[in-house]
Amino acid sequence: MKHFENEALAICELLYDKKALDIMALHVGDKTIIADWFVIASGRAVPQVKALCDELEARAAEMGLTIRRREGYSEGRWVVLDYGAVLVHLFHPEERAYYNMERLWEDGENLIRYPE
């Protein structure tokens with residue numbers, strides 16, 4: 001089992017329950033030292049992106065996660081939450097399409113779409 005997979009999937013489940021779109025977890029531990037997992041999801045609009053962030057921050061401790069850093073919340077277009085081994089990227093649809101992070105990091109074997 002890949003380290004921190006359970007944490008990444010717990011984040012995916014929370015985001016799914018809050019109606020996030022196109023949720024995926026990417027194992028990147030063998031590609032970078034900054035994290036073991038990226039969780040990527042989209043909200044429909046800025047208020048939903050912020051609401052997804054708010055919910056994750058409110059429930060992180062019960063999932064055993066401690067936030068190290070949060071960036072991008074005030075704009076709500078691309079919010080990054082750093083939980084150490086798991087980096088969560090919450091996108092507005094336009095930024096998601098523009099940056100296309102999954103194309104940069106996905107190798108055909110490291111992607112988990114949620115729900116599976």
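The values are calculated or read from the model by the stated rules, or taken from the named source; none is laboratory data. Model, not experiment: these values are computed from the prediction. Here Cβ is always computed from backbone atoms with ideal geometry, including for glycine, and neighbour counts include all displayed protein chains. Surface accessibility is based on the protein's heavy atoms, side chains included, excluding ligands, DNA and RNA. Shrake-Rupley method; radii C 1.70, N 1.55, O 1.52, S 1.80 Å.
Can you pull out every residue in region 79-116 that is buried (at least 17 other Cβ atoms within 10 Å of the Cβ) and closer than 16 Å to residue 16 by Cα?
Of everything in region 79-116, those that are buried (at least 17 other Cβ atoms within 10 Å of the Cβ) and closer than 16 Å to residue 16 by Cα turn out to be 88, 89, 90, 91, 92, 112, 114.
Which condition breaks for residue 44 when tested against (1) at positive phi; (2) surrounded by fewer than 14 Cβ atoms within 10 Å (Cβ to Cβ)?
The one condition residue 44 does not meet is (1).
I'm trying to understand the selection: among the residues of region 1-15, which are exposed (fewer than 15 other Cβ atoms within 10 Å of the Cβ) and in contact (Cβ under 8 Å) with a residue 60 or more places away in the chain?
3, 13 - these are the residues of region 1-15 that are exposed (fewer than 15 other Cβ atoms within 10 Å of the Cβ) and in contact (Cβ under 8 Å) with a residue 60 or more places away in the chain.
A quick yes/no check of all residues on (1) modelled with pLDDT of 95 or more; (2) among the aromatic types (Phe, Trp, Tyr); (3) in a strand (DSSP E or B); (4) under 13 Å from the mean Cα position of the chain (by Cα):
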| site | (1), (2), (3), (4) |
| --- | --- |
| 3 | no, no, no, no |
| 8 | yes, no, no, yes |
| 14 | yes, no, no, yes |
| 25 | yes, no, yes, yes |
| 32 | no, no, no, no |
| 41 | yes, no, yes, yes |
| 53 | yes, no, no, yes |
| 76 | yes, no, no, no |
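Restricting to region 103-116, give me the number of residues that are over 14 Å from residue 32 (Cα atoms) and touching a residue at least 12 places away in the same chain (Cβ under 8 Å).
Counting residues in region 103-116 that are over 14 Å from residue 32 (Cα atoms) and touching a residue at least 12 places away in the same chain (Cβ under 8 Å) gives 5.
Looking only at residues in region 52-78 that are open to solvent by 50 Å² or more (accessible area, probe 1.4 Å) and hydrophobic (A, V, I, L, M, F, W, C), which one is farthest from residue 28 (Cα to Cα)?
58
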